[in-house]
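The values are calculated or read from the model by the stated rules, or taken from the named source; none is laboratory data. A quick note: this is a predicted structure, and the numbers were derived from the prediction, not measured. Glycine gets a Cβ as well: all are built from the backbone with ideal geometry, and neighbour counts include every protein chain shown.
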Amino acid sequence: MNRRSYLLLSGGALTAVAGCTGDGDGNGERTPYADSSNSYESDGGDAVTHTFSGTGTAGGDDSDGEPAYTDTFSHNTTGPTIVEYDHDGDDAFSVWFVDENQDRISLGYSAVGPFEGRTIHSFDEQTLGLSVDADGDWEVSVTELPVYNTGESLPVTVESILVDVVGPVEFSDDSDITFTFTATGGAGHTVDLFNREGELSARVFEIEDDIEDETLTADIGGVGYILVESGGEWELSIDTVD
């Protein structure tokens, strides 16, 4: 198996290294993810983005609670799917992927109040649409990425807020990898590792409270993505072990 093509975890598990708790200082800026403007090597194909927008659910203020359904689109790539959300309402906001019959397939994300964020998913080739529940203006962009064989070289440091995706990242074949994570705000923080197809590989961190410079070392090779879910600001650094 080519470690530059597939994400590998030594023994199928990650090894935790001691860290400590404290306050973080993320600046709240979002970081771009891979799209058609990048020049990563892939198995073929280009990134494709489908963007949908609306106000509230179907029928607006007089609706009977039915969600808004978008037009369907053909999902044709074999790489990960990145979904970007923007909601200006004050109440519940949820986005589901649905099939041609408007039956739910997979949850995109669910939040309450104003929300901006990104998530990562993996889908087979099929026809998809979105079901959106919202009480204000919303926009959802679905980006289909090809399978990348290369990515951002280490070291990588990202500062962001709430829910965001980092990648593609090209992990070294010659050295162990260290993750360093700081997060403040909210009642929990998770960091998950995905392979180049957008499939979940492992959980890196799961922390209930604010944390500063929590570290973890793992034997990882290939290309992958990281999904961070937090209630506040966070900073994630990834580097090789000296």
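Mind telling me which of the residues V158, V191, V140 ends up being within 30 Å of E100 (Cα to Cα), crowded, with 21+ Cβ neighbours inside 10 Å, in contact (Cβ under 8 Å) with a residue 24 or more places away in the chain and of a type in the set (A, V, I, L, M, F, W, C)?
On the way: V158 fails: within 30 Å of E100 (Cα to Cα); V191 fails: within 30 Å of E100 (Cα to Cα).
Testing whether each residue is within 30 Å of E100 (Cα to Cα), crowded, with 21+ Cβ neighbours inside 10 Å, in contact (Cβ under 8 Å) with a residue 24 or more places away in the chain and of a type in the set (A, V, I, L, M, F, W, C) leaves just V140.
Taken together, the criteria place T77 among residues that are buried (at least 22 other Cβ atoms within 10 Å of the Cβ), at pLDDT below 95 and over 30 Å from V241 (Cα atoms).
Looking at the range 204-242, which of its residues are outside any loop (DSSP other than H, G, I, E, B), touching a residue at least 60 places away in the same chain (Cβ under 8 Å) and among the charged types (D, E, K, R)?
Residues of the range 204-242 outside any loop (DSSP other than H, G, I, E, B): 204-207, 211-218, 220-230, 233-240.
Restricting the remaining residues to those that are touching a residue at least 60 places away in the same chain (Cβ under 8 Å) gives 204, 211-218, 220-230, 233-240.
Residues satisfying the conditions are E212, D213, E214, E229, E233, E235, D239.
If you check I220 against the conditions, is it surrounded by 15 or more Cβ atoms within 10 Å (Cβ to Cβ), under 21 Å from G117 (Cα atoms) and aliphatic (A, V, I, L, M)? In short, no. Given the conditions (1) part of a strand (DSSP E or B); (2) closer than 26 Å to A92 by Cα, which single one is not true for G186? In the conditions (1) part of a strand (DSSP E or B); (2) closer than 26 Å to A92 by Cα, G186 misses (1) alone.
Being of a type outside the set (D, E), in contact with a His (Cβ under 7 Å, 6 or more places away or on another chain) and not assigned by TED's automatic domain parsing to the domain that holds V166 is a property that F97 lacks. Count of the range 71-81 residues, restricted to those that are among the hydroxyl-bearing types (S, T, Y), in contact with a Ser or Thr (Cβ under 8 Å, 6 or more places away or on another chain) and in a loop (DSSP other than H, G, I, E, B), is 1. Can you confirm whether the range 100-109 contains a residue that is in a strand (DSSP E or B) and in contact (Cβ under 8 Å) with a residue 40 or more places away in the chain? Checked the range 100-109: at least one residue is in a strand (DSSP E or B) and in contact (Cβ under 8 Å) with a residue 40 or more places away in the chain.
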